[in-house]
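Engineer: Handing you a structure now.
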Amino acid sequence: MKQTGPGTGNTPADPNVKKYFSTRPSRADNFTESVIREMTRLALKHNAINLAQGFPDFPCPPELKAAACNAVNDDINQYAITWGAKDLRDALAERVGKFNGMRFDPETEITVTCGSTEAMMASMLAVIQPGDEVIVPEPFYENYGPDAQISGAVPRFVPLKDDFSIDEEKWKEAFSKRTRAVILNTPNNPTGKVFTRKELSFIADLCIDHDAVAITDEIYEHIVYDGHRHLSLASLDGMRDRTITIGSFSKTYSVTGWRVGYALADEGLTGRIRKIHDFLTVGAPAPLQRACVAALMLPESYYVGLAQDYDRRRRILFDGLRNAGFSCQLPEGAYYIFTDITGFGMTDTEFARFLIGKIGVAAVPGSSFYHEGGETKLRFTFSKKDGTLEEACRRLEKLEEIITPA
Ligand code: GLN
């Protein structure tokens, strides 16, 4: 007979005890669940086209699929070295040397993580002492808010200008003796901004003057348009040893579910990141790390094709949104269009729910990218097949019959 009672480990749940534990304060109370992922769930529920969460609905390159299957069949199924399989770190060092113009020692300066999400969290935990201030340009990718909360950082949100460029005066005001780090995402989610050499040099000077670390999220580095060039902040003079450069395989190779990313930083910072990473996750999936080596062997034409394909998708969605009455500009990089919805007479959340329920298209409410405000914005992703985007645009045409933008 099954034993229950104290000491048996089978004590029936006392609802009062349960309530007591779930109502005790927790650091998780300081933030909500991800709105981006909530929108995905709503899209599924209402059978809406998901232009909310940024992931492709098309397959990854066949070379990656074959490499992943081979890795499993070749018995690469146990833990890799906690900070990343050696073959992957070696291949990454070579790729980063070629593309980003930076040298990192694969033995001491590269950490493979569970996506760039973990790389960012581990980096912040490695750098921040509770109470340290962190500069976050706003709007920002929603994870940075909870990342700051979890690491104990005090975020200082600095608004970008209307054209999403850096407002130098506001940046100068935001830095203080308590500034420990800057979080920069270029190409930027949600705005599509690709920060220029001049803007990055300005940020670099501030970091150097205030002895701050820069943590750069460069996950969209290969997705840029119209001759814009991605530049890594760490490649600027004086920044190599005070920057953590975060990258990932997710967006470049259309494998967001693989959860393989990385952090590049000098030996001192890497030592700390590796310790946090080790105890958070032990390591990223071993067979997929092996498959990511194959990704890094793809020819340069792959990257050209990737940017061209996204350029085409960008134009399909942009035209569709403009036809439907949205006010927006073509993004310089990444795969989102950040629209202004002032004319539609609804808040971002009302409008997002309306679009899912009545039009059959999901987007992300702008307020998810601001610590306050953003209710006049909505973000759409174009990381989808042409046909998916075309169908979404057809559905959005119906908006005009239902509401007339002011
Ligand atoms: N980066 C993607 C986005 O902004 C996916 C976010 C996520 O769910 N991890 O939509």
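Engineer: For Asp57, project a label point 7 Å along Cα to C-beta. Then give me every residue of the range 211-248 with its amide nitrogen under 12 Å of that point.
Structural biologist: none
Engineer: Enter the accessible area of Thr117 (Å², nearest 10), with the probe set to 1.4 Å and all protein chains included.
Structural biologist: Taking all protein chains as shown, Thr117 has close to 60 Å².
Engineer: Which of these, Ser165, Ser250, Ser368, has the largest mean-square fluctuation under a Gaussian network model of the chain (Cα springs below 10 Å)?
Structural biologist: The residue with the greatest mean-square fluctuation here is Ser165.
Engineer: Note down the accessible area of Ser367, probe 1.4 Å, to the nearest 10 Å².
Structural biologist: My reading of the accessible area for Ser367 is about 40 Å².
Engineer: Provide the per-residue ³J(HN,Hα) series for the range 208-216, in order, calculated from phi with Karplus coefficients 6.51, -1.76, 1.60 and θ = phi - 60°, each as a whole number of Hz, with x at glycine and proline positions.
Structural biologist: Ordered by residue, 3J(HN,Hα) equals 5, 4, 9, 6, 9, 8, 9, 10, 10 Hz.
Engineer: A further question follows. Say we join alpha carbon atoms closer than 10 Å with springs in a Gaussian network model of the chain; which of Val364, Val112, Val282 then has the biggest fluctuation?
Structural biologist: Comparing Val364, Val112, Val282 in a Gaussian network model of the chain, the most mobile one is Val282.
Engineer: Could you tell me what percent of the accessible area of the range 114-226 is made up of carbon and sulfur, with a 1.4 Å probe and every protein chain present? Walk me through the numbers before you get to the answer.
Structural biologist: Values: 1840 of 3830 Å².
Of the solvent-accessible surface of the range 114-226, carbon and sulfur hold 48 percent.
Engineer: Per residue, how much accessible surface does the chain expose to a 1.4 Å probe? Answer in Å², no decimals.
Structural biologist: Working: 18450 Å² over 406 residues.
Heavy-atom accessible area per residue stands at 45 Å².
Engineer: Let me ask something additional. For the chain, what is the percent of antiparallel DSSP beta bridges, rounded to the nearest 5?
Structural biologist: Values: 17 of 37 bridges.
Within the chain, antiparallel bridges account for around 45 percent of the total.
Engineer: Can you tell me how much longer the chain between His210 and Val72 gets when fully stretched, taken as 0.36 nm per residue apart minus their C-alpha distance, in nm with one decimal?
Structural biologist: On the way: separation 138, 0.36 × 138 = 49.68 nm, distance 4.75 nm.
Answer, rounded to one decimal: 44.9 nm.
Engineer: Pop the C-beta distance of Ser176 and Asp237 into the FRET formula with R0 = 22 Å and round what comes out to the nearest 0.05.
Structural biologist: Details: r = 24 Å, r/R0 = 1.09.
Using R0 = 22 Å, I get an efficiency of 0.40.
Engineer: Multiply the residue separation of Arg95 and Gln308 by 0.36 nm, subtract the distance between their alpha-carbon atoms, and state the gained length in nm to one decimal. Mind dumping the intermediate values first?
Structural biologist: Details: separation 213, 0.36 × 213 = 76.68 nm, distance 2.07 nm.
Answer, rounded to one decimal: 74.6 nm.
Engineer: Compute the relative contact order of the range 129-168 as a whole-number percentage, counting only Cα pairs closer than 8 Å that sit 6 or more residues apart in sequence. Don't skip to the answer; put the middle values down first.
Structural biologist: Numbers: 48 pairs, mean separation 18.9, N = 40.
Over the range 129-168, the number comes to 47 percent.
Engineer: Right, here's the next one. Can you give me the long-range amide H partners of Val154? Hydrogens built in the peptide plane at 1.01 Å from N, cutoff under 5 Å, separation of 5 or more residues or another chain.
Structural biologist: Amide H neighbours of Val154, under 5 Å, 5+ apart: Gly131, Asp132, Glu133, Val134.
Engineer: To continue, here is another question. Under a cut-off of 22 Å between alpha-carbon atoms, report the lysines in cross-link reach of Lys275, not counting same-chain residues fewer than 8 places apart.
Structural biologist: The qualifying lysines are Lys86.
Engineer: Here's a follow-up. From a point 7 Å beyond the Cα of Lys161 in the direction of its Cβ, which residues of the range 177-202 have a backbone N at a distance under 15 Å?
Structural biologist: What the label zone holds, given the 15 Å backbone N cut-off, is 193-202.
Engineer: I've got another one for you. Quickly work out the Val154-to-Thr108 label distance, labels modelled 7 Å from Cα along the C-beta direction, and quote it in nm with one decimal.
Structural biologist: Output for this residue pair reads 3.5 nm.
Engineer: Moving on to the next point. How about the range 93-197: which trypsin sites (Lys or Arg not before Pro) there are in a DSSP loop, with at most 16 other Cβ atoms within 10 Å of their Cβ?
Structural biologist: Details: sites: Arg95, Lys98, Arg103, Arg156, Lys161, Lys170, Lys172, Lys177, Arg178, Arg180, Lys193, Arg197; in loops: Arg103, Lys161, Lys177, Arg178, Lys193.
Qualifying residues, ordered by number: Arg103, Lys161, Lys177, Arg178.
Engineer: Over the chain, what relative contact order in percent results from Cα pairs under 8 Å that are six or more residues apart? Write out the running numbers ahead of the final one.
Structural biologist: On the way: 787 pairs, mean separation 93.1, N = 406.
This gives 23 percent for the chain.
Engineer: With each pseudo-label sitting 7 Å past Cα toward Cβ, what's the Glu390-Leu330 distance in nm, one decimal?
Structural biologist: 2.1
Engineer: Of all beta bridges DSSP finds with both residues in the range 156-287, what is the antiparallel percent, to the nearest 5? Could the numbers behind the result be given before it?
Structural biologist: On the way: 4 of 13 bridges.
In the range 156-287, DSSP labels about 30 percent of beta bridges as antiparallel.
Engineer: Select from the range 343-384 those GluC sites (Glu not before Pro) which occupy a DSSP coil region and have at most 10 other Cβ atoms within 10 Å, ordered by residue number. Can you show the working numbers first?
Structural biologist: Details: sites: Glu350, Glu372, Glu375; in loops: Glu372, Glu375.
Answer by residue number: Glu372.
Engineer: What's the center-to-center distance, using Cα atoms, between the range 166-209 and the range 53-95 in Å?
Structural biologist: Each part's Cα centre sits 33 Å from the other's.
Engineer: While we're on this one: What number, in percent, do you get for the relative contact order of the range 68-198 if the mean sequence gap of Cα pairs under 8 Å and at least 6 apart is divided by its residue count? Display every interim value, and only then the final one.
Structural biologist: On the way: 140 pairs, mean separation 25.4, N = 131.
Relative CO of the range 68-198 lands at 19 percent.
Engineer: Continuing with the same structure: Pulled fully out, how much extra length does the chain show between Phe354 and Thr82, if you take 0.36 nm times their separation in residues and subtract their Cα-Cα distance? Intermediate values should be presented prior to the final figure.
Structural biologist: Details: separation 272, 0.36 × 272 = 97.92 nm, distance 4.53 nm.
That works out to 93.4 nm of additional length.
Engineer: R0 = 25 Å: FRET efficiency of His228 with Glu33, Cβ-based, nearest 0.05? Display every interim value, and only then the final one.
Structural biologist: Working: r = 33 Å, r/R0 = 1.34.
E between His228 and Glu33, to the nearest 0.05, is 0.15.
The values are calculated or read from the model by the stated rules, or taken from the named source; none is laboratory data. These figures come from a predicted structure and were not determined experimentally. Cβ atoms come from the backbone with ideal geometry, glycine included; neighbour counts cover every protein chain shown. The area values use the complete protein model at the heavy-atom level, side chains included, leaving out ligands, DNA and RNA. Shrake-Rupley method; radii C 1.70, N 1.55, O 1.52, S 1.80 Å.
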